[in-house]
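Comments concern the structure below.
The values are calculated or read from the model by the stated rules, or taken from the named source; none is laboratory data. All values derive from a computational prediction rather than experimental measurement. With ideal geometry, Cβ positions are generated from the backbone for all residues, glycine too; neighbour counts draw on all protein chains shown. Please note that ligands, DNA and RNA were not included when accessible areas were found on the heavy atoms of the full protein model with its side chains. Shrake-Rupley method; radii C 1.70, N 1.55, O 1.52, S 1.80 Å.
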Amino acid sequence: MKVLVIGGGGREHALAWRLRQSPSVTEVHVTPGNPGIESVGTCHAKSDYVQIVQSLGIDLTVVGPEAPLVAGVVDKFRSLGLPIVGPTAENAALEGSKVHSKRFMERIGVPTARFAAVTTETEARDALRQFLLPVVLKTDGLAAGKGVIIAQTKQEAEAALSTLAFPMVIEEFLEGEEVSFIVLCDGKRGVPLEPSQDHKRIFDGDQGPNTGGMGAYSDSRIMGSAMRQQVMDTIIEPVVKATAFSGFLYAGLMMTPQGPSVLEFNVRMGDPETQPLMMRLESDWGVALMAAAQGELKPELLQWSPEPSICVVMAAAGYPGASQTGQTISGLNDVPNGAVVFHAGTKRVGDDIVTAGGRVLGVTSSGVDLQDSIDRVYAAVDRIHFEGAQYRRDIGAKGLLK
Ligand code: AMP
Ligand code: GLY
């Protein structure tokens, strides 16, 4: 079958890379793609998705980022009878609006932090009195992972009221380990992918501002089978049932002493979680995705390697603020065997690949155990250079303590 992937970041590079290795897939197309993706599929400049699908005879479309989902690409495709993996615009609001998502969770009884939804500064000031410190403030709409402020003091909370846009959710701060629990759904049931963990802060030791994600690892030991079943029973299944959800349902969980609590839902795969997950996937990705699009998903369609895998994001100077672009990247072809460099913010200029975004590359490797995958991924990172590159040295390190 011919598959189209919508998007052009590291997540889409990883999706296309795995699809290229799927026996069921004959052609991989990506729009808009990026210079790294050119090595695994044909990239098409951004244009009307339906037109691309009809002119190329695409059999299945997979949507990477949230924006086209929120804009209704799945509704459009379904109305034309074109198979696509992703949720409807109505269901995409689970990610597109934090206020909607929190109210929905409250209504169907999914565990989540206590919250207040506010639309004005006066309401926000009133609400802040009902929460202890630290307190979490979240802007309602899509913000590429940058719409959340964790205020340690009353002053920081008040300052956040002028930094973040209204409407806003104010919520209780939860403590624990975060887990990205991503489930492929077909409208009736969900099959979980392996657990993974993102590293959201810019600096080692979880210091500094939040980013879109500076690295992720996947290891089956992140969550045992009893807890996975509990998350499926108390969080995923109620959502799938209430919404007939199809596509990727990503529950960002905080594992609190009282049990798993949902920090957020995303309606797509995570970036960078997709990179290590695709490295661990062993079964035919094209077959699993087609089954999800057709409402015929089965657990046995997703098979995983036991080897842990890690993605280290190399970001541009300045990220997560305004990032420097146009720096030449060297060493891309010198990484050790087994490591894969997924491109995110890159551009081709003549014979060079240069930086063109905040998150530039996702260097990814697996290993026989977590320490081995850490050693391998950093051996690859050490080969790659561009001016001002920022990356964390501790991706996956917390997993060693388990
Ligand atoms: P979100 O976009 O809602 O996932 O928030 C981004 C990040 O902020 C999360 O991955 C957490 O690290 C942190 N965060 C969000 N909500 C909370 C909360 N209620 N308690 C503690 N940390 C949170
Ligand atoms: N890595 C976090 C996200 O994709 O939202």
Next on the checklist: For a quick check of your reading: which strands (runs of 3 or more DSSP E) sit entirely within segment 328-402 and have at least 2 residues that are closer than 23 Å to Tyr217 by Cβ?
Outcome noted: 340-343, 359-366
Checklist entry - Does segment 231-240 contain at least one residue that is within 12 Å of ligand 1 (Cβ to nearest atom) and either among the aliphatic types (A, V, I, L, M) or over 27 Å from Val85 (Cβ atoms) (or both)? => result no
Checklist outcome for this item: If we ask which residues in segment 152-173 are crowded, with 21+ Cβ neighbours inside 10 Å and either of a type in the set (D, E, K, R) or at pLDDT 95 or above (or both), their number turns out to be 5
Checklist entry - Taking only pairs six or more apart or across chains, which ones have beta-carbon atoms under 7 Å, a first residue in segment 146-169 that is farther than 11 Å from Leu128 by Cβ, and a second residue that is open to solvent by less than 20 Å² (accessible area, probe 1.4 Å) and of a type in the set (Lys, Arg)? => result Gly147/Lys138; Val148/Lys138; Val169/Lys102; Val169/Lys138
Item to check | Qualifying positions in segment 129-145 - among the aliphatic types (A, V, I, L, M) and either more than 14 Å from ligand 1 (Cβ to nearest atom) or in a loop (DSSP other than H, G, I, E, B) (or both) | outcome: Leu132, Leu133, Leu142, Ala143, Ala144
Item to check | Of all residues making up segment 221-264, the number that are more than 10 Å from ligand 2 (Cβ to nearest atom) and assigned to a strand (DSSP E or B) | outcome: 14
Checklist entry - Is at least one residue of segment 353-365 free of Cβ contacts under 8 Å to residues at least 40 places away in the same chain and either open to solvent by 30 Å² or more (accessible area, probe 1.4 Å) or within 18 Å of Ala16 (Cβ to Cβ) (or both)? => result yes
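In the set Ala67, Ala124, which member is under 25 Å from the mean Cα position of the chain (by Cα) and either within 16 Å of ligand 1 (Cβ to nearest atom) or in contact (Cβ under 8 Å) with a residue 12 or more places away in the chain (or both)?
Ala67
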Item to check | Residue that is farthest from Val191 (Cα to Cα) [pool: residues in segment 285-306 that are in a loop (DSSP other than H, G, I, E, B), touching a helix residue (DSSP H, G or I) at 6+ places or on another chain (Cβ under 8 Å) and open to solvent by 30 Å² or more (accessible area, probe 1.4 Å)] | outcome: Pro306
Item to check | Exclusive hit being open to solvent by 30 Å² or more (accessible area, probe 1.4 Å) and either away from ligand 1 (no atom under 15 Å from the Cβ) or within 14 Å of the chain's Cα centre (by Cα) (or both), set Ser225, Ser246 | outcome: Ser225
